[in-house]
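Remarks on the structure that follows.
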Amino acid sequence: MSLAQRVTGVRPSGVRKIFDMVRVAKDPINMSLGEPDFDVPAPIREEAVEWTRKGFNKYPPSGGIPELREKLISHLKAKGVFCDDVVITPGVTGGILLALMATLNPGDEVLIPDPSFVMYEYQTILLGGVPVFIDTYPDFTLKEEQIRRAITKKTRIIIINSPNNPTGGVCSIQELEMVARIARETDILIFSDDIYERFFYEGESPPPCLGQLCEGVLTFGGFSKTWGMTGWRVGYVAGPKDTIDAMVTMLQYVFSGVHSVAQKAAVFALDYPTDDIIAAYRRKRDLIYEGIRDRFRVVKPKGAYYIFPEAPGGDGDAFVERAIANNLFIIPGNVFSRRKSHVRISFAAEEETVLRGIEILRKLS
Ligand code: PLP
């Protein structure tokens, strides 16, 4: 069958390719995953079951159930994030798509720091936009000169993700203020993907975010990472009323709504404590960083649950091949980047897996 043109601009996800290999491997050391290793906490699961039993199983309102929208607005306002309204989306994945649908015209350019979460590039392409990458190597910080150089008359959006997938980097307040200043001067929209906001290991959590610094920012958040609810597909976008209204209209035609029972569970999850979860991830971050820093060129991750070292010889693909031959599954850096020098290692895994992984990484370095 002849497929639509838009399909040709989109490669299948490089992450999925590794997942498929893990599935058929015997006793794999799996450090490829972008999802937490713990199950959804039992009380949150119970809450969902209870709402199913109560018959909360019909079409939900398109923008999300009012109690979740209202609770998120209060939660974000208490954090100092500017927003008029919130829309509940099928994960942050659905949120980014809807936000791009509501704001991007064909031919518009989207600034994306490199490396970055793969979704930004391909959703931009799917909607006829043009991704423009800003290289952040070797320290993965945002540099004013580079951002300004990348801006053209067609630049419409800049997407910032902090804490970051795949680097584990967290933007300093100075970087965020710089982005806010540029956006104000040039009238560029800011998308702030804060999905890893609670996974922060270097001080008071959550770290600062762009939504606190200026109005008009679209702030993205979700339940996939913090409470392990990846399969439940609940996220949200907060921002100015007109943009959120437009997204709700788009959502009606693209997704209809977001899983009713999962939204009820999300209302409950927002109050569910996460300190123990984050403490366990901080320990794993320390383990892997201390375990490989003398053998690899690597920036200490401050957040999320990834570490992004340079591969020996600067060849991420070759290193991943050797790792997989030793039963260690990690992701080549070029899945997230124009460069192929690095690899992404996820420590969202059991401590024993992390220890086994460190052993292999040291052997191969
Ligand atoms: N944003 C970032 C930076 C991610 O790393 C991920 C998942 O890996 C997502 C968004 C997708 O989140 P969701 O499960 O809410 O669609």
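What the table below lists for this structure:
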read-out	value
Descending Cα extents along the principal axes, region 308-360, whole Å	32, 20, 13
All lysines inside 27 Å of LYS26 as judged from Cα atoms, apart from same-chain residues fewer than 8 positions distant	LYS17, LYS225, LYS284, LYS363
Hits among aspartates and glutamates - C-alpha to C-alpha of LYS241 under 15 Å, sequence gap 8 or more where chains match	GLU70, ASP84, ASP85, GLU215
Inter-part distance where region 202-256 and region 295-363 are each reduced to a Cα centre, Å	29
Calculated P(r) of region 94-152 - Cα pairs past 20 Å, %	28
Cross-link partners of LYS264 among aspartates and glutamates (Cα-Cα below 12 Å; sequence separation of 8 or more within a chain)	GLU46, GLU47, GLU50, GLU67
For peptides 111-117, 139-145, 55-61, sequence by mean Cβ density within 10 Å, most packed first	111-117, 139-145, 55-61
Share, in percent, of DSSP beta bridges within the chain that are antiparallel, nearest 5	45
Isotropically averaged projected area of region 79-185, using the convex hull of Cα atoms (one quarter of hull area), nm²	7.3
Å³ per residue enclosed by the Cα convex hull of the chain	150
Separation in nanometres of the label points that stand 7 Å from Cα toward Cβ, at ILE125 and ALA4	1.5
Percent RCO, i.e. relative contact order, over region 41-151, from Cα pairs under 8 Å lying at least 6 residues apart	17
Kirkwood hydrodynamic radius of region 10-103, from inverse mean 1/r over distinct Cα pairs, in Å	17.3
Cα pair count fraction exceeding 27 Å, expressed as % - region 196-336	41
Relative exposure of CYS171, CYS214, judged by other C-beta atoms within 10 Å (fewest first)	CYS214, CYS171
q = 0.27 Å⁻¹: log10 I(q)/I(0) that the Debye formula gives for region 237-294, counting C-alpha atoms only	-1.06
Long-range amide H partners of VAL343 with built H, under 5 Å	ALA311, GLY333
Whole-Å semi-axes of the ellipsoid equivalent to region 11-62 (Cα gyration tensor, √5λ, descending)	34, 17, 10
Counted charge near ARG338, where neighbours are those whose Cβ lies closer than 9 Å (Asp, Glu -1; Lys, Arg +1)	0
Helical mean residue ellipticity (222 nm; -39500 (n - 2.57) per DSSP H run of 4+; nearest 500) of the chain	-12500 deg cm²/dmol
Calculated on alpha-carbon atoms, Rg and Dmax of region 138-185 in Å	11.1, 32
Pair ALA318, ARG283: separation of 7 Å Cα→Cβ label points (nm)	3.8
Vicinal HN-Hα couplings computed from phi for region 102-115 (Karplus, 6.51 cos²θ - 1.76 cosθ + 1.60; Hz; Gly/Pro x)	7, 10, 9, 9, x, x, 5, 9, 10, 7, 10, x, 10, x
Ratio Rg/Rh [Cα only; Rh per Kirkwood] for region 48-137	1.09
Ranking of MET247, MET178, MET1 by count of other Cβ atoms within 10 Å, fewest first	MET1, MET178, MET247
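Bear in mind that the values in this text are calculations on the coordinates, not laboratory data. Source: prediction; values computed, not measured. In this analysis, Cβ positions are derived from the backbone assuming ideal geometry, glycine residues included, and neighbour counts consider all displayed protein chains.
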